[in-house]
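Following: one structure in structure tokens, then a few remarks.
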Amino acid sequence: MPDPNGFLRYDRRLPARRPVPVRIMDWREVYPPAGEELVREQATRCMDCGIPFCHDGCPLGNRIPDWNDLVRTGNWDAAVESLHATNNFPEFTGRLCPAPCEAACVLGLGGQQPVTIKQVEVEIADAAVARGGLRPRPVPAPTGRSVAVVGSGPAGLAAAQQLARAGHAVTVYERDDALGGLLRYGIPDFKLEKQHIDRRLAQLAAEGVRFRAGVNVGVDVTAEELRAEHDAVLLACGALAGRDTPETPGRALRGVHQAMEHLVAANRVVAAVGDGNPALAVLPDGTLIDAAGKHVVIIGGGDTAADCLGVAHRQGAAGVHQLDLYPQPPRGRDEERDPWPTWPWILREYPAHEEGGERVFAVAVQEFVDDGTGAVRAVRIAEVTVEKRDGRRIVTALPGSERELPADLVLLAIGFEGTEEQPLLDQLGVARNPRGAVDARPDWQTDVDGVFVAGDMHRGASLVVWAIAEGRAAAAAIHAYLGGVGSLPAPVEPAAQPLAAR
Ligand SMILES: Cc1cc2nc3c(=O)[nH]c(=O)nc-3n(C[C@H](O)[C@H](O)[C@H](O)COP(=O)(O)OP(=O)(O)OC[C@H]3O[C@@H](n4cnc5c(N)ncnc54)[C@H](O)[C@@H]3O)c2cc1C
Ligand code: SF4
């Protein structure tokens, strides 16, 4: 029985973030551990609602009130068990998820204070490590069937773990030199330190998953070879085709880059230093891409842009502007537009925003300005209005509103256009849809029998929590396809969508 008065006795509280002047000197995570007392207090705020709307916000079907109550009563081992029943990698979601469950929590009604669900989640996940580590689960007798998983992001890894635990022989192929997908070289360490990935990989390996990093499937191994070796293939290649702006004058100037080029180079430096090998932030062709001493302009308003902002400050940028096409959202939920418990359009302030920089809303880049040597020296922007007409976005510049911002480094964080075109898709005969994603039938198979798809590659650029949910569901479908005994949990269907007002 939960404490019915918990939310009356305690306000919502999160642990203090590490001080800005300290944390921008290193790459460590922004949040320190909350400590048992605070987590138990916050878990006590959960009312164990008769209809727990938090469940509707989470595609994984996490048993949120159950583990809140287990934490409240100090039953950490049971909480660890309950959390892992629905989520393979709570240490990732607990750190990275924007927490649609909190937007749907009953305690958030009327602009009030939802339970700190995500903080409780991460503390349970870390308790699992502290209380004896991530022990491998005993694996049943081999089924004799084998599965290739292409891509080692959260979708591929979740599917691999589910399938290995059902007795199938699983090999994960990853073209990068290290495993983890965007968690490894996309998301910076100040949001997710990489030992969390390494611990999970060790657990998966001990459960029998084989890893082949540095293998670009379709180039180093053909689709034909893959299909000959395995009974089923899961494509979990992400949605890494970065949106560009080729029509903007000056796009080809030196110093104008895709955000992912900047993030990958920076993350590789952090990884190399961690391995005792100091390195420079460079592109694959050796070009330096570092914000040190530079005026940086980041174009875009999402996760990727905020990550570039945090990286730029840690590299020692002279100044940073972050540009957004849209007007500044409200700070609180607009009940007309996004009624509770849907995900609201509000101003998202990431820890990176309190580290410095200036956000500029309702502007669009008119030109990247040449310094006379072929490098960018400024960005010319104009104030704009944005309308939707017949499903198309119409951007109108306000006459006389143009101005220049100094820029030696410009980072395009304007979204992704689906999964990349690559030889693997042609070899398999799998097509991309108009959004650049790969469609799945209701059983997660693509148009090609025995070839399944999950995660961003299927959904388009999304969230870690959706990638894990889709990986689990696709694993259940593959298990059924291979004639496996019983069934695996399938938290979502391919057509599932986030909770929204219709
Ligand atoms: C900068 C950034 C920050 C983000 N921050 C957050 C956040 O804070 N919270 C959140 O929830 N989500 C965040 N996201 C989104 C989240 O990272 C993705 O939704 C998630 O990683 C998708 O997982 P996935 O497994 O589908 O694909 P990915 O993680 O993209 O992994 C796909 C993998 O497939 C590999 N691959 C592709 N083709 C081949 C091939 N032919 N052979 C072998 N390997 C191949 C790729 O190298 C890659 O490693 C962020 C995304 C970005 C870009
Ligand atoms: S909606 Fe909020 S208060 Fe209700 S069960 Fe879920 S977390 Fe607890």
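Results, tabulated for the structure shown:
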read-out	value
Looking only at the range 167-191, and only at residues there that are surrounded by fewer than 24 Cβ atoms within 10 Å (Cβ to Cβ) and among the hydroxyl-bearing types (S, T, Y), the one that is nearest to A474 (Cα to Cα)	T171
Set G208, G214, G218, G242: member being of a type in the set (G, A, S) and open to solvent by less than 20 Å² (accessible area, probe 1.4 Å)	G218
Members of the range 179-201 that are assigned to a helix (DSSP H, G or I) and farther than 20 Å from G455 by Cβ	Q195, D198, R199
Residue satisfying all of: in the range 42-84; away from ligand 1 (no atom under 16 Å from the Cβ) and within 15 Å of P489 (Cβ to Cβ); surrounded by the most Cβ atoms within 10 Å (Cβ to Cβ) among these	L83
Contacts under 8 angstrom Cβ, first residue in the range 170-190 being under 13 Å from G214 (Cβ atoms) and touching a residue at least 12 places away in the same chain (Cβ under 8 Å), partner more than 16 Å from ligand 2 (Cβ to nearest atom) and of a type in the set (F, W, Y), 6 or more apart	V172/F211; E174/F211; D176/Y185; A178/Y185; L179/F211
Top-ranked residue of the range 99-148 - restricted to ones that are touching a strand residue (DSSP E or B) at 6+ places or on another chain (Cβ under 9 Å) and β-branched (V, I, T), ranked as nearest to ligand 2 (Cβ to nearest atom)	V147
Any chance A271 is of a type in the set (G, A, S) and either open to solvent by less than 20 Å² (accessible area, probe 1.4 Å) or assigned to a loop (DSSP other than H, G, I, E, B) (or both)	no
Cβ pairs under 7 Å, 6+ apart, first in the range 394-413 and touching a residue at least 40 places away in the same chain (Cβ under 8 Å), second open to solvent by 50 Å² or more (accessible area, probe 1.4 Å) and not basic (K, R)	P406/H295; A407/H295; D408/H295; L412/D244
Tabulated pairs, the range 97-117, first over 23 Å from G302 (Cα atoms), second buried (at least 23 other Cβ atoms within 10 Å of the Cβ) and among the polar types (S, T, N, Q), C-beta under 8 angstrom, 6+ apart or interchain	V115/Q42; V115/N68
Pair list, Cβ under 6 Å, 6 or more apart: the range 303-321 residue assigned to a strand (DSSP E or B), other residue open to solvent by 20 Å² or more (accessible area, probe 1.4 Å) and among the acidic types (D, E)	H321/E358
Odd one out for V360, checked against (1) touching a Leu at 6+ places or on another chain (Cβ under 6 Å); (2) touching a residue at least 60 places away in the same chain (Cβ under 8 Å)	(2)
Residue within the range 200-220 that is under 24 Å from A476 (Cα atoms), away from ligand 2 (no atom under 16 Å from the Cβ) and among the polar types (S, T, N, Q) present	yes
The range 347-398, residues that are among the charged types (D, E, K, R), closer than 28 Å to V311 by Cβ and in contact with a strand residue (DSSP E or B) (Cβ under 6 Å, 6 or more places away or on another chain)	E358, R359, E367, D371, R377, R380, E383
Strands (runs of 3 or more DSSP E) within the range 402-502 that include 3 or more residues buried (at least 18 other Cβ atoms within 10 Å of the Cβ)	409-412, 451-453
Only listed residue being among the hydroxyl-bearing types (S, T, Y) and buried (at least 24 other Cβ atoms within 10 Å of the Cβ), chosen from S146, S152	S152
Residues that are open to solvent by 20 Å² or more (accessible area, probe 1.4 Å) and touching a residue at least 60 places away in the same chain (Cβ under 8 Å), drawn from the range 118-129	Q119, E123, D126, V129
Pairs with Cβ under 8 Å, 6+ apart, first in the range 327-338 and among the polar types (S, T, N, Q), second part of a loop (DSSP other than H, G, I, E, B)	Q328/L347; Q328/F361; Q328/A362
Of all residues making up the range 370-387, the number that are buried (at least 19 other Cβ atoms within 10 Å of the Cβ) and either acidic (D, E) or closer than 23 Å to A291 by Cα (or both)	4
Residue match in the range 41-60 (condition: more than 27 Å from the chain's Cα centre (by Cα) and small (G, A, S))	yes
Candidate set: the range 252-266, residues that are touching a residue at least 40 places away in the same chain (Cβ under 8 Å) and more than 18 Å from the chain's Cα centre (by Cα); chosen: the one most open to solvent (accessible area, probe 1.4 Å)	R254
Boolean, A292 is open to solvent by less than 20 Å² (accessible area, probe 1.4 Å) and part of a loop (DSSP other than H, G, I, E, B)	no
Sole residue being open to solvent by 20 Å² or more (accessible area, probe 1.4 Å), away from ligand 2 (no atom under 16 Å from the Cβ) and at pLDDT below 95, chosen from P249, P278	P278
Subset of the range 347-364 (residues that are open to solvent by less than 40 Å² (accessible area, probe 1.4 Å) and part of a loop (DSSP other than H, G, I, E, B))	L347, G356, A362
For A164: the one exception among (1) within 16 Å of ligand 1 (Cβ to nearest atom); (2) without any contact (Cβ under 8 Å) to a residue 60 or more places away in the chain; (3) open to solvent by less than 20 Å² (accessible area, probe 1.4 Å)	(1)
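The values are calculated or read from the model by the stated rules, or taken from the named source; none is laboratory data. What you are looking at is a predicted structure, and each value in this text was computed from that prediction instead of being measured. Note that each Cβ is placed from the backbone with ideal geometry, even for glycine, and that neighbours are counted across all protein chains shown. Remember, those area values only see protein heavy atoms, side chains included, never the ligands or the DNA or RNA. Shrake-Rupley method; radii C 1.70, N 1.55, O 1.52, S 1.80 Å.
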